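Inspection log for the structure reproduced underneath, given as structure tokens.
Every number here is computed from the coordinates shown, using simple stated rules; none is lab data. Please read these numbers as outputs of a predicted model, since none were measured by experiment. With ideal geometry, Cβ positions are generated from the backbone for all residues, glycine too; neighbour counts draw on all protein chains shown.
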Amino acid sequence: MREVDPAPEHDGTALDRDDLARRYAYPPDPGRPWVRVNFVASADGAVAVGGLSTGLHAPGDREVFGVLRELADVVLVGAGTARAERYRGARTTPERRERRRARGQAAVPPIAVVSTRGDLDPGAGLFTDTSVPPLVLVAAAHADDARARLGGAGVDGEVVAASGDDPGATDPDAVLAALAARGLHRVLCEGGPALFGALLAAGRVDELCLSLAPQLAGGGIDRIVAGPALDDPRPLHLADVLRHGDGLLLRYLITPFE
């Protein structure tokens with residue numbers, strides 16, 4: 001056992017954006033979708049307060065959130081989270097755009113929404129407040145209806161069928177294959193718990209970034225993973241710990257970098 005962090009009166013050297021970008025860098029050439037999941041949770045495990053993650057206050061989380069989005073090729077999110085959190089297109093700056101171009105990435109990462117039926121509101125900010133058209137990943141059985149609904153409403157975006165053996169459901173492998181076909185390998189999954197659970201059950205999560213908010217939310221709150229329990233818990237390898245005030249920002253690897 002050893003001390004991870006300096007004493008409270010000495011926070012160590014402050015990290016700037018470039019430092020954070022180096023610490024949170026993806027593998028140099030993953031060659032396949034590398035899935036990084038990012039969540040914030042309270043000290044007693046709450047994933048939301050009042051149904052929203054914004055009710056949790058983890059010092060430093062917003063800075064890391066911005067860096068994670070800047071490094072990603074695509075932001076992956078479930079439809080329920082996109083609705084509840086009122087998702088819109090990724091926000092950026094000229095400096096971020098230039099850094100992304102220098103890495104060979106598109107200037108702005110698209111948002112990819114997993115929605116079994118594709119029953120999204122075409123008037124939502126996801127479609128109307130963005131500089132990059134989103135991807136909507138739906139079950140094959142509902143793809144034509146979703147295209148007619150969204151395309152008929154003049155939505156600028158792409159509806160992609162992403163089913164496995166069951167055409168009536170989305171499949172994690174098919175979702176990631178659809179992203180890979182578009183050259184989107186550095187995947188940042190922002191939830192929600194059901195999507196995280198599906199990816200985890202399929203063995204398709206490589207990394208977890210967890211911001212620990214110094215709050216107690218009480219009982220009756222969902223966890224960051226929803227769905228059936230795993231037969232065997234996945235081991236995690238602690239890759240990084242950052243402290244910001246009373247908050248902790250933890251980074252775990254499931255799949256070690258090669």
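Full extension of the chain between ALA181 and ALA43 yields a length gain of 45.8 nm, computed as 0.36 nm times the residue separation minus the alpha carbon distance. Extending 7 Å from the Cα toward the beta-carbon at both ASP29 and ASP119 defines two label points whose distance is 4.5 nm. 3J(HN,Hα) along region 120-130, derived from phi through the Karplus expression 6.51 cos²θ - 1.76 cosθ + 1.60 where θ = phi - 60°, amounts to 9, 7, x, x, 6, x, 3, 9, 9, 10, 7 Hz, with x in place of Gly and Pro.
Can you give me the angle between helix 143-152 and the longest principal axis of the chain, using Cα atoms only, in degrees from 0 to 90, rounded to the nearest 10? That works out to roughly 90 degrees. Each Lys or Arg adds one and each Asp or Glu subtracts one; over the other residues with Cβ under 14 Å from the Cβ of LEU216, this totals -2.
Estimated at 0.36 nm per residue, the fully extended path between ARG17 and ASP222 surpasses their Cα-Cα distance by 70.6 nm. Structural descriptor for region 31-254: relative contact order 31 percent, calculated from alpha carbon pairs under 8 angstrom and at least 6 residues apart. In the chain, helices alone account for a calculated mean residue ellipticity at 222 nm of -7000 deg cm²/dmol, with every DSSP H run of four or more residues adding -39,500 (n - 2.57). What the Cβ-Cβ distance of ARG101 and ASP231 gives, at R0 = 35 Å and to the nearest 0.05, is a FRET efficiency of 0.20.
Put a dot 7 Å past the Cα of GLU63, heading toward its Cβ, do the same for ASP246, and the two dots end up 1.9 nm apart. Mean separation of Cα pairs under 8 Å and 6 or more residues apart, divided by the residue count, gives region 25-71 a relative contact order of 29 percent. Between region 74-94 and region 236-255, the alpha-carbon centres lie 23 Å apart. Using equal-weight Cα scatterers in the Debye expression, the normalised intensity of region 77-148 in log10 at q = 0.14, 0.22, 0.23, 0.27 Å⁻¹ is -0.49, -0.93, -0.98, -1.17. Express as a percent, rounded to the nearest 5, the fraction of DSSP beta bridges in region 31-254 (both residues included) that run antiparallel. Within region 31-254, antiparallel bridges account for around 35 percent of the total.
Helix 61-71 sits at what angle to the longest principal axis of the chain, using alpha carbons and giving 0 to 90 degrees rounded to 10? Tilt relative to the chain: about 50 degrees.
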